[in-house]
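Here's the structure, in structure tokens; my notes come after.
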């Protein structure tokens, strides 16, 4: 297998947008293409992530239209992936695998979603379609409910009083909002404090409003190429060192929601391929759809043993100057979560960090970065390890 | 790249079903697994095709649930693909590419759809979402309209009187219904005649009811493996000799609907990889969503020059004993068209043909078979060439 590198990345502002999916995708894709120095006609395939275009715009089969939007050639297959919130990472992984395999030399990867403009009702309804439609959806469960259960189970399993856990969860939100203030593309660029979180409206006990990421519109993209093209490019290369993807069935098979077994399987694949361990990782963009989700993730990714990651944000170990910087972009929590774009926005951030182009939120000397994206009720996890 | 073979295939009856998507998928997948002689625990990944589960059952993110339904291991990534009617073929191609590349040794591929039970209104509405949502959908265009335009353009371009073209189109329907009478899994197993077609209700001039394939429920699956596993299997191997996939943007960029340029690009890739030409192909399952679509396909796949394929069914050249047997299964027209399953049902038929297991519809001495699946308004085409 050949080495695979990332040439260009692009990302729209995340938030509420008047643009169509294709316009958002085009904006991010053309920025990535521009940075790569390659014409669209050079792209040999498009791997596109999108979840809800059929509901939001009445657009299925979005990939060929997206390819045409930015001028890809007819012979370049354009393929849509959908893996709930892990959609874009899954698309990027398949792209990188096929470049590594020699099927393609250089490809475009993009993710796009309009989840803000569709309104809260339709967003909540369609997001919940990533739950098992026969056993979970009909019970009234939605995603805040899934992670609320996980928080209760976490508190019970580790004998942590819930008010104490909630204070640590609040610190995750405060940290990621603080990070977001340094990201001009983030949906929220405003500090919050403990009072903001703990006095917010209750969403799904114990999750309050500021424990939850927002609905967002946005897109992100990357140009991925084999080592020869990367070497000739001349820009600062970022390499795909390891990849993983794993799946898990419905909640009744999972039982212990404090351990995301798909994540453990996925990240193990990625660490093994990269020949690295959690101790080697300088910066992580991980799936903080809810504050408790970041706590589960820092444990699942191996930075803390199970049950010992809850105080990571409180202790300052996951911000600048800490042992590993988690979500310098602001994460899903503050940067926003346009679900089909999220994984590539994580890639965008890690690439900028490894190039030393992250401005005021730069993680000093970052050499190894990890992308972690979770889809559904712990059903899909996809990880990418990047290095410079 | 390693040789890739197909061990087991499975398929449900196509038609109207009371079963859920997961039940249909499970039925086809377990048949394929059973035929492969391998336990589900041996599968290293699932590649799943589904288009409309979110509308029909409220199920997005179906792949991990499908994997769990048949007992795949947690570490096996389950990935959903959506490429309109070409969905399952695109899933199968990505599976075969990753097995060829050595990423996986043996994987499960499945496609499933419930497009009959959702009712004609919702089916028509959601199918039309594969058209460009901003330029085509709002004009009132649906898929019968796209292919009706193609028929008119074909008649005009080749100066063929429309009534004459319609008689040749009717022969496609008559042939495929005849083939369907020999397929116990087909939705329609009943002969029709010219009168049936030419006196049917008008759907989109010049397409009448029997020019159109039905809405269908159903599933199909295959187990795909690298050459070593195929060699040890002991069953009659069928090899993936060539693959192609290509894309084309909206209709305003296509203009000449009589030439499916994505098909020409895709099948060229497949022929080149296989080192074969159209003359080598014994049997084809191609995308006859409408009768005119089969005429476009026999030309686009290289069996006839452009403008010279319209009489293929009339002359008997595309049935048993002809130069190439087209849609021995009955095709989408008579076998049915559960859109996310169709490509793998085509694979199922070609595998049975190449093994000599097709019973009364066996193409004698079939050695090379071609799968052709078209998604959207000529937007995606995916081809597989199989040989024994």
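A short reminder: the numbers here are calculations on the coordinates, not readings from a lab. Just so you know, these numbers come straight off a predicted model, no measurement behind them. Cβ coordinates were reconstructed from backbone atoms using ideal geometry, including for glycine residues, and neighbour counts include every protein chain displayed.
Observations, loosely collected:
- Per-copy distances of the residue A:209 label point, shortest first, in nm (7 angstrom along Cα→Cβ): 5.6
- With Cα atoms defining each centre, region A:1-23 and region B:132-170 are spaced 37 Å apart in the structure.
- Fewest-first sequence of B:329, B:41 by Cβ atoms within 10 Å of each Cβ: B:41, B:329
- Equivalent ellipsoid, the protein assembly as shown (semi-axes from 5 times Cα gyration tensor eigenvalues, Å): 45, 25, 24
- Region B:171-281 shape via C-alpha gyration tensor axes, a/c threshold 1.5: oblate
- Angle between chain B longest axis and helix B:87-100 axis [Cα atoms, degrees, rounded to 10]: 40 degrees
- FRET efficiency, 1/(1 + (r/R0)^6) with R0 35 Å, evaluated for residue A:191 and residue A:105 via beta carbons: 0.20
- Extension gain from residue B:134 to residue B:121, taking 0.36 nm per residue of separation minus the Cα-Cα distance: 2.6 nm
- Per-selection Kirkwood Rh - region B:328-381 (Cα, Å, 1 d.p.): 11.9 Å
- Per-residue Cβ neighbour counts within 10 Å put A:125, B:79 in the sequence A:125, B:79, beginning with the fewest.
- Take each peptide in B:299-309, B:283-293, A:156-166, count the other Cβ atoms within 10 Å of every residue, and average; sorted highest first, the result is B:283-293, B:299-309, A:156-166.
- Exercise: per-residue mean of other protein chain Cβ atoms within 10 Å, A:49-61: 6
- If you take the Cα centroid of region B:201-249 and the Cα centroid of region A:281-344, the two points sit 42 Å apart.
- Calculated diffusion of region A:141-199, Stokes-Einstein form, Kirkwood radius summed over Cα pairs, 10 °C and 1.306 mPa s, µm²/s: 124 µm²/s
- Taking the longest Cα principal axis of chain B as reference, the axis of helix B:261-274 is set at about 40 degrees.
- The rotation axis that maps chain B onto chain A passes nearest to the beta carbon of this chain B residue, listed with its distance in whole angstrom: B:101, 2.
- Note: region B:171-217, Cα convex hull, 65 Å³ per residue.
- With its label point defined 7 Å out from Cα along the Cα-to-Cβ axis, residue A:16 lies at 4.5 nm from the matching points of the other copies, in increasing order.
- Label geometry 7 Å along the beta-carbon vector: residue B:321 inter-copy distances in nm: 8.8
- Tail fraction, Cα-Cα pairs, region A:219-331, threshold 17 Å, whole percent: 63 percent
- From least to most packed, judged by other beta carbons within 10 angstrom and beginning with the fewest, A:12, B:126 follow the order B:126, A:12.
- Relative contact order computed over chain A (Cα-Cα under 8 Å; 6+ residues apart), in percent: 26 percent
- Range of Cα positions in chain A per principal axis (Å), largest first: 57, 45, 39
- Here the translational diffusion coefficient of region A:16-96 follows from Stokes-Einstein with Rh set to the Kirkwood radius across Cα pairs; for 10 °C and 1.306 mPa s it amounts to 122 µm²/s.
- For region A:121-227, alpha-carbon Rg over 2.2 N^0.38 Å: 1.29
- The angle between the Cα long axis of helix B:21-36 and the longest principal axis of the Cα atoms of chain B comes to about 60 degrees, rounded to the nearest 10.
- Using all pairs of distinct alpha-carbon atoms, the Kirkwood hydrodynamic radius of region B:107-182 works out to 15.4 angstrom.
- Its residue count N sets the reference 2.2 N^0.38 Å, and the alpha-carbon radius of gyration of region B:62-202 equals 1.40 times that reference.
- Relative contact order of region A:178-260, defined on C-alpha pairs under 8 angstrom at six or more residues apart (%): 12 percent
- Antiparallel DSSP beta bridges within chain B, as percent of all bridges there, nearest 5: 75 percent
- Averaged over the residues of A:239-248, the number of partner chain Cβ atoms lying within 10 Å of the residue Cβ comes to 4.
- For region A:1-151, the pair-distance distribution built from all alpha carbon pairs, in bins 10 Å wide starting at 0, is 11, 37, 31, 17, 5, 0 percent.
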